[in-house]
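Worksheet: one structure, shown below.
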Amino acid sequence: MTGSIALLGQPNSGKSTIYNNLTGARQHVGNWAGKTVEKNEGSFTYNGVKYTVTDLPGSYGLSGNSDEEIITTDFIKSGKSELTVVLVDASQLERSMFMLAEFARLDKPAMLVLNMMDVAKDMGKDIDTDALAKKLGIPVLPFNATDTKDYDKLKKLIAEELKKPHKLSVKAPEGKADVKADSKAKFDWVSEILENVTRTRESVYKMSKFDRVMTRPILGKVICIAVVLLAFMVSMIVMLPFAGVGQMIPTLLHEPVDKLLTGWNVHPWIVNIFSMMIPNTLSFTISMASFVLGVNIVFGFLEETGFIARAAYQFDGLLSKLGLQGKAICPMLMGFGCTIGGACGTRVMDNWGQRMLAMSIVWAIPCASIWSIIPVVSGMFFTWWQTMLVCVGILAYVVVSMIIVSKVFGRKLAPMETRSGMIMELPPYHKAHWKHILKEAFFKAWDIFKRALGTVTLVSLIFYVLSFSRDGNVNNSLLYRVGTTIEPVTKFFGMGWQTFVAFLSGAFAKEAVLGTLNAVFMGGNSVMEAAFFSQGTSTDTALLGTAMSQAVSAAEALAFMFATTFSVPCLMALSTTYKESHSLKWTVKVALFYICNALVLSCIVYHVAELFM
Ligand SMILES: Nc1nc2c(ncn2[C@@H]2O[C@H](COP(=O)(O)OP(=O)(O)OP(=O)(O)O)[C@@H](O)[C@H]2O)c(=O)[nH]1
Ligand SMILES: [Mg+2]
């Protein structure tokens with residue numbers, strides 16, 4: 001025996017939460033409207049019967065006004081599911097019942113889930129569910145989708161309803177030609193149904209005071225930025241223990257493995273791979289994954305509470321100038337922490353073109369790793385206030401760069417006629433559901449870890465072979481020979497062979513840049529060892545600074561910093577963009593654009609700076 005149900009409701013009513021809990025899937029949930037943009041299908045088994053569940057994009061009605069609404073409307077009308085589980089947000093019953101009014105015309109089997117009963121209760125709302133069920137003629141289940149205890153009741157009711165379905169006994173008025181009159185009739189129907197069913201106890205909804213501040217044009221934006229800055233600091237604290245463990249791995253493994261393999265007379269190449277490259281790769285991927293973890297936990301929290309919805313509202317106007325919508329604010333902010341997180345975060349965008357455009361723009365945002373390199377390199381050449389100026393210059397160019405990217409790719413990816421203003425409501429604030437946030441963040445971090453391990457190992461191997469020299473002196477490596485051969489060309493762009501190699505290593509991982517600089521300027525060690533063993537922190541920046549400032553001019557250093565910041569993001573961010581966009585063509589196209597853009601920029605910065613320095 002089988003059965004099939006569909007989850008229908010307005011955006012943010014909790015459909016995906018129910019879908020995930022029923023089927024064990026991992027659809028994205030968060031406290032703002034419009035996260036699910038395509039339908040998803042899963043299943044669960046109850047009492048030996050298999051039920052198929054379809055999670056539909058949130059929709060305000062069934063008239064097909066947007067892409068999501070068309071998907072939802074078509075599916076519901078097709079009759080592919082035997083029972084429609086209509087979800088309403090009990091904390092905003094009047095508004096969210098509109099969907100039921102739309103549905104009523106279809107004359108199909110249904111049951112009603114009054115979700116978010118906990119929020120409604122906190123707001124002092126009482127709902128007489130029995131009276132409601134009687135009026136509607138279909139079963140009504142008070143529910144809290146985030147509480148796993150409630151699900152047995154839900155499954156039982158679904159099973160019963162599939163055996164003996166109910167249809168709405170009251171029908172909403174037939175749609176007339178005049179849409180306005182039509183929706184008014186529906187709202188009248190809703191108020192009639194809710195009469196004597198709901199009662200709000202005397203209590204003030206305190207949070208709305210905060211919203212009055214949050215929606216102020218300037219103050220709201222200032223608060224948003226402040227909260228985000230704070231969020232990054234917290235992300236760093238969250239990731240520290242994990243990254244710490246990761247950084248211990250090479251130190252712990254290096255010597256014992258080295259001793260063991262050397263004792264077995266294994267070839268030094270192989271010994272190096274196992275004692276150095278693999279532990280370093282492992283450590284690297286762990287710190288990358290812990291970054292993704294930290295950013296996702298903190299931003300997951302902001303999203304669940306409803307903060308991101310406010311930020312999206314605040315920045316919608318600005319972002320629409322880039323061809324995006326307010327919704328893109330979350331991935332963009334995440335991009336300051338980690339481009340990988342930012343690229344994943346674009347899942348919330350409405351369509352593929354907007355998504356790809358958002359990812360391309362997120363690439364222009366320097367991630368936290370870049371922010372940890374720039375002050376160090378700049379500090380070797382400039383005073384502290386000049387370093388501040390460099391950072392300000394970089395920030396200013398971020399804006400320029402985003403505008404250029406949106407101009408170059410925006411016309412194709414988000415054509416003018418498809419750009420529409422965002423309609424987004426401010427959802428009520430929710431308490432954060434930690435279990436869900438942690439689960440989602442761990443899953444994302446684990447996904448990155450798995451993917452990075454393979455990719456990073458491969459690239460490390462290539463790098464290793466290129467930089468290997470029998471005596472450990474970098475000047476005897478293939479890298480040196482290739483680097484010095486192309487130096488006449490790279491010099492034109494403001495980079496000598498050393499800085500150019502460091503620039504290239506940045507495309508692999510930004511964390512590798514300092515180590516690479518250390519290796520190519522200090523010589524002695526293999527690039528591999530210095531690049532991946534020292535992980536920046538233990539690099540003696542004073543010594544490196546002296547060595548670098550002897551070989552590189554201030555203008556060259558400036559060019560190098562701009563080139564590194566505005567080139568392609570790291571390899572894993574590239575691979576994530578490809579995974580998320582499913583388009584190799586666009587990923588490569590944008591990557592080539594970024595590399596060319598970085599080289600041109602570096603060239604301009606170098607030649608202009610030469611005039612003044
Ligand atoms: N307090 C509370 N929060 C809930 C409940 N159900 C869902 N949520 C939260 O409400 C938010 C929206 O849930 P989703 O499952 O993403 O909603 P959706 O209907 O799939 O939304 P769209 O895909 O945007 O249409 C999330 O932050 C959930 O964690 C509930 O019963 N109580
Ligand atoms: Mg959803």
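None of the figures in this text is laboratory data; all of them are computed from the coordinates on show. Just so you know, these numbers come straight off a predicted model, no measurement behind them. Virtual Cβ from ideal backbone geometry, glycine too; neighbours counted across all protein chains shown.
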Problem set entry | lysines whose Cα lies under 20 Å from that of LYS149, excluding same-chain neighbours fewer than 8 positions away | LYS15, LYS121, LYS431, LYS435, LYS439
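Is the shape of the chain best called rounded, prolate or oblate, per the rule: a/c under 1.5 gives rounded, else a/b larger than b/c gives prolate, else oblate, with a ≥ b ≥ c the square roots of the Cα gyration tensor eigenvalues?
Working: a/c = 2.62, a/b = 2.02, b/c = 1.30.
Judged from the Cα gyration tensor, the chain comes out prolate (a/c at least 1.5, a/b above b/c).
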Exercise. Which of the peptides 492-501, 592-601, 322-331, 391-400 is most tightly packed, and how do the rest follow, going by the mean number of other Cβ atoms within 10 Å of each residue?
Worked result: 322-331, 492-501, 592-601, 391-400
Exercise. When the chain is fully extended, how far beyond the present Cα-Cα distance does SER320 get from ALA396, taking 0.36 nm per residue of separation?
Worked result: 25.5 nm
Exercise. At what distance in nm do the modelled label points of ILE225 and LYS579 sit from each other, each positioned 7 Å from its Cα along Cα→Cβ?
Worked result: 3.3
Problem set entry | Cα-based Rg and Dmax for the stretch 450-612, where Dmax is the largest Cα-Cα distance (Å) | 15.9, 48
For this session: Rounded, prolate or oblate: pick one for the stretch 345-483, where a ≥ b ≥ c are the square roots of the eigenvalues of its C-alpha gyration tensor, a/c under 1.5 means rounded, and failing that, prolate if a/b is larger than b/c, else oblate.
Result: prolate
For this session: May I ask which residue of ASN296, ALA364, THR285 lies farthest towards the positive end of the charge dipole of the stretch 257-402, with charges of +1 (Lys, Arg) and -1 (Asp, Glu) on Cβ and the Cα centre as origin?
Result: ALA364
For this session: Using only Cα atoms, find the angle between the long axis of helix 368-381 and the longest principal axis of the chain, and express it within 0 to 90 degrees, rounded to the nearest 10.
Result: 30
Exercise. Given a Förster distance of 22 angstrom, what is the FRET efficiency for VAL600 paired with ILE462, based on the Cβ-Cβ distance and rounded to 0.05?
Worked result: 0.25
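How large is the charge dipole for the chain, taken about the Cα centre, if only the Cβ atoms of Lys, Arg (+1) and Asp, Glu (-1) carry charge, to the nearest 20 debye? Intermediate results must be reported in sequence, preceding the final value.
Details: 56 positive and 48 negative charges, 152 e Å.
With only Lys, Arg, Asp and Glu charged at Cβ, the dipole is about 720 debye.
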For this session: Have a look at the DSSP beta bridges in the stretch 2-200 and tell me what percent are antiparallel, nearest 5.
Result: 35
Exercise. Say the dipole of the chain comes from +1 at the beta carbon of Lys and Arg and -1 at that of Asp and Glu; which of LEU599, TYR19, PRO569 then lies farthest toward its positive end?
Worked result: TYR19
Exercise. Which whole-angstrom value gives the distance between the alpha carbon centres of the stretch 449-475 and the stretch 4-43?
Worked result: 43
Seminar exercise, completed: 1/(1 + (r/R0)^6) with r = Cβ-Cβ of THR262 and ARG481, R0 = 25 Å, i.e. FRET efficiency to nearest 0.05, evaluates to 0.30
For this session: Could you tell me what percent of the DSSP beta bridges with both partners in the chain are antiparallel, to the nearest 5?
Result: 35
For this session: Among SER96, VAL197, ALA110, pick out the residue whose Cα is farthest towards the positive end of the charge dipole of the stretch 2-200, where Lys and Arg carry +1 and Asp and Glu carry -1 on C-beta, about the Cα centre.
Result: ALA110
Exercise. From the phi of every residue in the stretch 312-325, what ³J(HN,Hα) in whole Hz does the Karplus formula 6.51 cos²θ - 1.76 cosθ + 1.60 yield, where θ is phi - 60° and glycine or proline is x?
Worked result: 4, 4, 5, 9, 4, x, 5, 5, 5, 5, 8, x, 10, 10
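Which of rounded, prolate, oblate describes the stretch 2-200, given a ≥ b ≥ c as roots of the alpha-carbon gyration tensor eigenvalues and a/c under 1.5 marking rounded, otherwise prolate only if a/b is larger than b/c? Numbers along the way, then the final one.
On the way: a/c = 1.36, a/b = 1.19, b/c = 1.14.
Verdict is rounded for the stretch 2-200.
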Problem set entry | Net charge of Cβ neighbours under 15 Å - reference VAL228; Lys, Arg +1; Asp, Glu -1 | +1
For this session: Kindly put LYS259, LYS221 in sequence by how many other C-beta atoms sit within 10 Å of each C-beta, fewest to most.
Result: LYS259, LYS221
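Using 1/(1 + (r/R0)^6) with R0 = 60 angstrom and r between the beta carbons of SER372 and ASP128, what's the FRET efficiency to the nearest 0.05? Don't skip to the end; give the middle numbers.
Values: r = 58 Å, r/R0 = 0.96.
So, using R0 = 60 Å, E works out to roughly 0.55.
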Seminar exercise, completed: Helix 151-163 sits off the longest principal axis of the Cα atoms of the chain, rounded to the nearest 10 on a 0 to 90 degree scale, by 50
Exercise. Where Lys and Arg each count +1 and Asp and Glu each count -1, what net charge lies around THR587 among other residues with Cβ under 10 Å from its Cβ?
Worked result: +2
Exercise. Pulled fully out, how much extra length does the chain show between LYS435 and HIS607, if you take 0.36 nm times their separation in residues and subtract their Cα-Cα distance?
Worked result: 56.6 nm
Seminar exercise, completed: Note, GLU41: beta-carbon cut-off 15 Å, +1 each Lys/Arg, -1 each Asp/Glu, net +1
